[in-house]
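K.L.:
There's a structure below that I have some questions on.
The values are calculated or read from the model by the stated rules, or taken from the named source; none is laboratory data. Worth saying up front: this structure is predicted, and the values here are computed from it rather than measured. Cβ placement follows ideal geometry from the backbone for every residue including glycine, while neighbour counts extend to all protein chains displayed. SASA here: full protein model, heavy atoms, side chains in, ligands and nucleic acids out. Shrake-Rupley method; radii C 1.70, N 1.55, O 1.52, S 1.80 Å.
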Amino acid sequence: MEILKPVEQQSQPASSLESKPCLWWVRYDVRTHDNAVLQAAAQRSSAVLPVYIFNTSLMGDASSRTLKLPLMSPRRAQFFIEAVEVLRSQMKKLFGLDVVVRFGSPAEELAIIASETNIKQVFVGKETNVNEIKEEEAVREKGLVLHTIWNSTLLHIEDLPLNPVTEYPPSFSQFRKAVEGDGVWKVRPLIEIPEKIQKVVYPEEKLGAMPDVKTLTGQDCKDKDQRAVINFVGGEISGQQRVKEYFWEKNCLYKYKQTRNDMTGDNYSTKFSAWLAQGSLSPRYIYYEIKEYERKRVKNISTYWLVYELLWRDYFWFLPMAHGDLMFALNGPRNFEKPWRWDANDFEKWSQGNTGYPIIDANMRELVATGYMSNRGRQITASFLTKDLGLDWRWGAEFFDLHLIDSNPALNYGNWTYSAGVGTDAREDRYFNIIKQGRAYDAGGFHSKKWLPFLKNVPRTLIHTPWLLTVDQRKEYGVPLDYGQQETLCPRELGKYIPSGVAIDGEPIAQNDGKQASTEQPQPAGSKPGVSKPGTSKPKRPHRPIKGRGRGGRGRGGRGKGRGNPAS
């Protein structure tokens, strides 16, 4: 296992660097605001040449570890192209600087540019993921002096009250308590955009043209789906505009905690995660906008909760420093063995949204079509894959990594190991009853009907249990005869792979329209669902109960897939 070292110290005394130009290797900090790397490059060198490299180890023919899936979808590639185009425009407008663009190996391309310009030093944002660390070492092996600058988290690594390599807390609550300490958050001030940066003279014909999506992924990018929650456009201008819109123009932060688990609409959650993942938004920028909102409008549980989500993001960001490659291992950081399955047919039904369970199918179709899925959808679909289908959690992680435009290895794999019960916070391992979740968080079936239009005429009382529809009802409502039938459900029995000690529905279920969600399980058409009779205190036993071994406890709400992505 490769363990990462704490943040690197300055490679050379500052005085020896002041008269030398540098390359700014733009990686996951595609912005001009609150950018510690840009500040360091401007202050510690005589001139700066920004370089963005579309990394062939993440695109093109590169593939995932287990399923050998591509590593980047056309939609995410388009989002990155848009961000780099904005950065090029911003750097030209603010400083008169050109951004060199390349497509290849970072070490190889940086070495070529360094040779052409006789530049020996490179500034880059420090990453924690194993592959990015290997890239940094490859650059040093080319004889370049590499300065890594901490730049991607809300809390600076030097301000943590613990060593994330040797003292990484096994649970988020321990991390939060350590960080909160006496209640004063140690968040550094925003970094001002430099007033002036000297330009490195570089031939215009060598600046490089922006690649298209097909060059990066081998596929064309389809037109954006009109059903998408918002129109995601890459770059810091769009990211900052989204913050302005959500906080100030529509005042959505006021009720963020109450709406964040919804699935339909543009403003039930922030959707900041995509811009955070590519570094077009700084988490500190969001934090100080929250503080300004609290000062000018209101300070409440919702404003606290969004900061809480940013802290979750930090927690997972530090995860690779402690566990390295174990985040990608089947048994996860805990080295915990589970009896996983490897059924390609079941995985295909899950990934393509053809399981017969509307809440799963709608979310998976939304992911593939738009590159986005809500926080609640991520929790439910991850629980379904690992607890109902019992499939290798890495398959789910790799599929999400391919399609999510907000994917980041530390956050994506941190969340999946957490959901699978092989990662941090093992005591929070839990199972989500998808029928109950669907009726709680998509009570009217609006999200399910949006992505499964053949269900548009199905009454809300049946929308999450299509196997209860009779043949006549299917014909009346326009539901395909083969969708959601008892014999075609995947799986036919829910909760079969719940391990011992898992909390079943381990969080309070929302009360929608004054009705408590039912816990009934799939039943043959014509049978009576297992719901409680009026006036009784206990519900009947479901027709096909979840086979949980150990009751578990009721956990606190809101944790699971999507944590660390305050937008999701």
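K.L.:
What's the center-to-center distance, using Cα atoms, between the range 270-289 and the range 349-371 in Å?
P.N.:
27 Å
K.L.:
Sorting check: for 431-438, 338-345, which peptide has the highest mean count of neighbouring beta carbons within 10 Å, and how do the rest follow?
P.N.:
With the highest mean Cβ count within 10 Å placed first, the list reads 431-438, 338-345.
K.L.:
So, for the range 348-495, what is the accessible surface per residue at a probe of 1.4 Å, expressed in square angstrom?
P.N.:
It amounts to 24 Å² per residue over the range 348-495.
K.L.:
Related question: Need one number for the range 129-237: average projected area of the convex hull over its C-alpha atoms, nm².
P.N.:
13.3 nm²
K.L.:
Shifting gears a bit: Calculated FRET efficiency, LEU481 and GLU348, Cβ-Cβ r, R0 22 Å, to nearest 0.05?
P.N.:
0.60
K.L.:
Percent of accessible area on the range 176-253 owned by carbon and sulfur, 1.4 Å probe?
P.N.:
49 percent
K.L.:
Provide the per residue accessible area, probe 1.4 Å, for the range 47-200, rounded to a whole number of square angstrom.
P.N.:
Normalised by residue count, the accessible surface of the range 47-200 is 42 Å².
K.L.:
Rounded to whole Hz and in sequence order, give me ³J(HN,Hα) for the range 346-355 from the Karplus expression 6.51 cos²θ - 1.76 cosθ + 1.60, θ = phi - 60°, writing x for Gly and Pro.
P.N.:
Listing the rounded values in order: 5, 5, 4, 5, 5, 5, 9, x, 10, 7 Hz.
K.L.:
How high is the FRET efficiency between LYS296 and LYS199 when r is their beta carbon distance and R₀ equals 51 Å, given to the nearest 0.05?
P.N.:
0.85
K.L.:
Taking 30 Å as the cut-off for C-alpha to C-alpha distance, list the pairs among LYS120/LYS214; LYS92/LYS126; LYS92/LYS214; LYS20/LYS206; LYS186/LYS271 that go past it.
P.N.:
Pairs exceeding the cut-off: LYS120/LYS214.
K.L.:
Please give me the summed charge of the neighbours of MET210: other residues whose Cβ is under 9 Å from its Cβ, Lys and Arg +1, Asp and Glu -1.
P.N.:
-1
K.L.:
Summarise the accessible area of the range 347-441 (1.4 Å probe, protein heavy atoms) by the percent that is carbon and sulfur.
P.N.:
The value for the range 347-441 is 46 percent carbon and sulfur by accessible area.
K.L.:
Mind ordering 134-147, 96-109 by average Cβ neighbours within 10 Å, highest first?
P.N.:
With the highest mean Cβ count within 10 Å placed first, the list reads 96-109, 134-147.
K.L.:
In whole angstrom, note down how far apart the Cα centers of the range 380-436 and the range 18-41 are.
P.N.:
Result: 35 Å between the Cα centres.
K.L.:
Under 17 Å between alpha carbons, and skipping anything fewer than 8 positions from LYS196 in its own chain: which aspartates and glutamates qualify?
P.N.:
Counting by Cα, and skipping residues close in sequence, LYS196 has these aspartates and glutamates nearby: GLU18, ASP34, ASP98.
K.L.:
First measure r as the distance between the Cβ atoms of ASP220 and GLU108, then evaluate 1/(1 + (r/R0)^6) with R0 = 35 Å and state the FRET efficiency to the nearest 0.05.
P.N.:
Computed FRET efficiency for ASP220 and GLU108 comes out at 0.80.
K.L.:
Further question on the same structure: Going by amide H atoms built from the backbone, whose H comes under 5 Å of the H on HIS147, apart from near neighbours?
P.N.:
It is VAL122, PHE123, VAL124, by chain and number.
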